[in-house]
Amino acid sequence: MTPQNETPVDAAERQTAPAMVCYEVNQLPDSKLELLQRARQSMTKVTELIVAPRDGKSFEVPAGSFFRIVSVDGPQVGDLNLWNADDLSERFFSGKTRQLHATHVGTGDRLWSTLPGLRPMATITHDTLDWYGWDQDGGGIHDVIGTRCDPYTNHMLKNVDYHYCCHSNLSRALAEATGRSVTEVELDVHDVLNVFMCTGFTRDTHQYFMKASPVRPGDFIEFFAEIDLLGALSTCPGGDCGSGHSDDSTPCYPLKVEIFEPADGSLGDWKSPARSGYSRSHGL
Ligand SMILES: [Zn+2]
């Protein structure tokens, strides 16, 4: 939209104020990435599951284990939710993860939990798409800037009911895991990590864009579970998200989840992180 207000005389001065990174990320708790990367060398797979196209599935990962999301059969993006397995009110905090790390996450970055927990739930220990970096459009992989596709937005834009958006896939997966109704658990479904998705903001209008994911069968992203986790993964009806989504017309593929146990003693003195130490008195 064309501005409705005159440009002030000191506009250039105001607009060239230096950009400051908001958080001193070098003050974050140590991720012990070197220890985790040594431990992953000797881990063994304990279980795996397949998430069918346009569906969702839940899985549990004990603290101190690793899990991978693996591309199989064809390019496919996944929408990931994580909860504290013992307390679903503590869940993945996409917005704070974005502020602490970046718009897209990769090896060494951590997935933080909601307030008042605010602790790392998982640490990314390997990413076979780390070569991608930032493309000429400013796009990157594994974003925390978008959120899940959902039937409410679809209904608003197209006036149709479509039941296999990521929000619904995650809701059905969580309903199955907890035995609660789908309308109840959908309130626990939250902003996702967009696994393998290639996204960014357009340079001219800063609108959220997606483009075909560069993921290929065999690619994976790997996480270390910092606390006992309940996860749910949706295979997005957008497939590789190179065209549309929220319908049944796009080619879609399964995703595999693999869970690994580290060898005895390989984690040394690693301990599950505690919840935030803030008093929660909020000035009262
Ligand atoms: Zn989706």
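Listing for the model above:
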| read-out | value |
| --- | --- |
| Per-region count, region 1-27, residues among the hydrophobic types (A, V, I, L, M, F, W, C) and either touching a residue at least 12 places away in the same chain (Cβ under 8 Å) or surrounded by 10 or more Cβ atoms within 10 Å (Cβ to Cβ) (or both) | 3 |
| Selection within region 130-154 - within 16 Å of the ligand (Cβ to nearest atom), surrounded by 14 or more Cβ atoms within 10 Å (Cβ to Cβ) and not in a strand (DSSP E or B) | 144, 145, 146, 147, 148, 149, 150, 151, 153, 154 |
| Qualifying positions in region 112-125 - in a strand (DSSP E or B) and touching a Ser or Thr at 6+ places or on another chain (Cβ under 6 Å) | 112, 121, 123, 124 |
| Members of region 78-88 that are in contact (Cβ under 8 Å) with a residue 40 or more places away in the chain and more than 11 Å from the chain's Cα centre (by Cα) | 83, 84, 85, 86, 88 |
| Close pairs (7 angstrom Cβ cut-off, 6 or more residues apart or separate chains): of a type in the set (Lys, Arg) in region 265-284, modelled with pLDDT of 95 or more and surrounded by 10 or more Cβ atoms within 10 Å (Cβ to Cβ) anywhere | 275/116; 275/117; 275/119; 280/116 |
| Conditions (1) part of a strand (DSSP E or B); (2) within 16 Å of the ligand (Cβ to nearest atom); (3) surrounded by fewer than 23 Cβ atoms within 10 Å (Cβ to Cβ); number of the one not met by residue 75 | (1) |
| Where a residue in region 179-197 is in contact (Cβ under 8 Å) with a residue 40 or more places away in the chain and buried (at least 24 other Cβ atoms within 10 Å of the Cβ) and its partner, wherever it lies, is among the hydroxyl-bearing types (Ser, Thr, Tyr) and assigned to a loop (DSSP other than H, G, I, E, B), with Cβ under 9 Å and at least six apart | 192/147; 194/147; 196/213; 197/213 |
| Residue in region 28-50 that is of a type in the set (S, T, N, Q), surrounded by 21 or more Cβ atoms within 10 Å (Cβ to Cβ) and in contact (Cβ under 8 Å) with a residue 12 or more places away in the chain present | no |
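The values are calculated or read from the model by the stated rules, or taken from the named source; none is laboratory data. What you see is a predicted model; the values in this text were computed from it and never measured. Note that each Cβ is placed from the backbone with ideal geometry, even for glycine, and that neighbours are counted across all protein chains shown.
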